[in-house]
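Every number here is computed from the coordinates shown, using simple stated rules; none is lab data. Owing to the predicted nature of the structure, the values given are computational and were not obtained by experimental measurement. Heads up, the Cβs are rebuilt from the backbone with ideal geometry, glycines too, and the neighbour counts pull from every protein chain shown.
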Amino acid sequence: MSSRELNATANALAAEGKGILAADESLPTIKKRFDAIGVESTEDSRRAYRELLFTTECAEDFISGVILFDETIRQRSQTGKPMAEILSDKGILPGIKVDKGAKDLAKFPGEKVTEGLDGLRDRLQEYRKLGARFAKWRGVITIGTGIPTRWCVESNAHALARYAALCQEAGLVPIVEPEVLMDGDHTIERCEEVTSRALMTVFSLLHEHRVEIEGMLLKPNMVVSGKDCTSQAGPEEVALATLRCFAEVLPPALPGVMFLSGGQSPIEATMNLNAMNVRRDHPWELSFSYGRALQEPVLKAWGGDPGNVSRAQAAFLHRAKCNGAARYGTYSQQMESEAP
Ligand code: 13P
């Protein structure tokens, strides 16, 4: 695939008013989400839930792409249609999570490195045939006493760069996700310092690996206070710190920034994105690629009961619409009164 086509796909994913749904929970993670609503995680229950999301009418007005898990891209709907085709028929681009998870980094207690590079070239080709147009790889950086170490940041950046180059070779747009976790009692200043260091390392290695910036998307954390920090920054402060950090590090050629929600509540994630888009002084599209922040209310409304499907779809459409408005900086708390 040419650079022009990769760039066109990246731009389509970062289209105005739209963002990505991350529905690529691994088997242990989706089990955790289902446990919370008292639903057993089976191949059938996972299919039923994801089919509910993907068949939501008008979701395509606010959702440009969906990240799938390996099991889902191979699954068919109840009517026998491949899940990826349900999406592409609606004009939503199917994507695929290709990393094999963050594992303990040997000899670096409390730190992780993401695995999955072995055999990746072949897997990417297969996913392309199954309909994927883009991919995702998540690296995890933890803040704590004496961490992250330089070695952890570099190992993760190195893996992200190798993955991104392989994706572009296979004609898939890489979503590069270096996530600095919210866990801990650190301040927003410390999150800014670590996020800035992580992004600087990632872009330096992407450059060395000859990754074309115009044909990729970044999925970063927002710069926020640690979950257990006694003073929690509000949307204005989050927007200022995040944009200040990006201005120093991100190349203007990057088509889009697709934030993860990372444990923010659904409304917080929408408010923070909105606060950034109210400011129009940045060269990149600032969008969302939320998992929990889009799905929490949907899971609650569904509860595993087929009788609740339309209620759950209404909850999904509502969150998607609110985040769609946050893409223009026109979201207001008043929109929440329209929640189903
Ligand atoms: P959250 O929005 O729940 O953080 O998930 C996004 C994601 O895809 C993490 O890799």
- Projected label distance in nm at GLU43 and TRP151, using a 7 Å step from Cα toward the beta-carbon: 4.2 nm
- Could you go through segment 260-270 in sequence order and give the Karplus-derived ³J(HN,Hα) for each residue, using 6.51 cos²θ - 1.76 cosθ + 1.60 with θ = phi - 60°, rounded to whole Hz, and x for Gly and Pro? 8, 9, x, x, 6, 5, x, 6, 4, 4, 6
- Query: Which peptide among 208-219, 72-83 comes first, and what is the full order, when sorted by highest mean count of other Cβ atoms within 10 Å?
  - Reply: 208-219, 72-83
- Query: Using 0.36 nm per residue, how much length does the chain from SER2 to MET335 gain when fully extended, once their Cα-Cα distance is taken away?
  - Reply: 115.8 nm
- Task: Kindly provide the helix-only [θ] at 222 nm of the chain, computed as the sum of -39,500 (n - 2.57) over DSSP H runs of four or more divided by all residues, to the nearest 500 deg cm²/dmol?
- Result: -14000 deg cm²/dmol
- Query: Given charges of +1 on the Cβ of Lys and Arg and -1 on the Cβ of Asp and Glu, with all other atoms neutral, how large is the dipole of segment 129-285 about its Cα centre, in debye to the nearest 20?
  - Reply: 500 debye
- Amide proton proximity set for LYS112, modelled H, under 5 Å, gap of 5+: LEU105, THR142
- Enter the mean projected area of the convex hull around the alpha-carbon atoms of segment 1-160, in nm², rounded to one decimal. 11.7 nm²
- Note on the structure: Kirkwood Rh over alpha-carbon pairs of segment 66-134 plugged into Stokes-Einstein at 10 °C, 1.306 mPa s gives a D in µm²/s of 118 µm²/s
- Relative intensity, log₁₀ I(q)/I(0), of the chain from a Debye sum that treats every alpha carbon as a point, q = 0.08, 0.12 Å⁻¹: -0.34, -0.81
- Query: Can you give the Kirkwood hydrodynamic radius for segment 139-222, in Å, rounded to one decimal and based on Cα pairs?
  - Reply: 13.1 Å
- Amide H of GLY139: which non-local residues (sequence gap of 5 or more, or other chain) have their own amide H closer than 5 Å, using H built in the peptide plane? GLU177, GLU179
- With a Förster radius of 41 Å, plug the Cβ-Cβ distance of ALA106 and GLU212 into 1/(1 + (r/R0)^6) and report the FRET value to the nearest 0.05. 0.80
- Query: Ordered by packing density, taken as the mean number of other Cβ atoms within 10 Å over each peptide's residues, highest first, how do 267-273, 2-8, 51-57 rank?
  - Reply: 267-273, 51-57, 2-8
